[in-house]
1. Looking only at region 56-78, count how many residues are modelled with pLDDT of 75 or more and surrounded by 10 or more Cβ atoms within 10 Å (Cβ to Cβ).
2. For LYS41, only one of the following conditions fails: (1) modelled with pLDDT under 75; (2) more than 22 Å from the chain's Cα centre (by Cα). What is its number?
Amino acid sequence: MIVPLRKLLERLRFIALFLLMTYAMAHLFGTVTEWISPVDKYREPHGKAVKVFRADENADLEPASFTDRLRLFYWLGE
């Protein structure tokens, strides 16, 4: 049986380069994601920006019954 050694080495080189490039792209995407994402996305805004949501401890955010929840759903459109 004849073993095509040159073809086998070519395929192994292609597989090795493919895996190396895939690994490099994964790390590149991870680095770009870390670079783009904000450091603290829940911090207080500065400048003219206004924080929209303020949670009050006294406010009851959950409606009491199913019908109240359904009415709130249709009212807000969410």
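1. Going through region 56-78 one residue at a time, the tally reaches 6.
2. It fails just one condition, (2).
The values are calculated or read from the model by the stated rules, or taken from the named source; none is laboratory data. None of the values given here were measured: they were computed from a predicted structure. Every residue, glycine among them, receives a Cβ derived from its backbone with ideal geometry; neighbour counts consider all protein chains shown.
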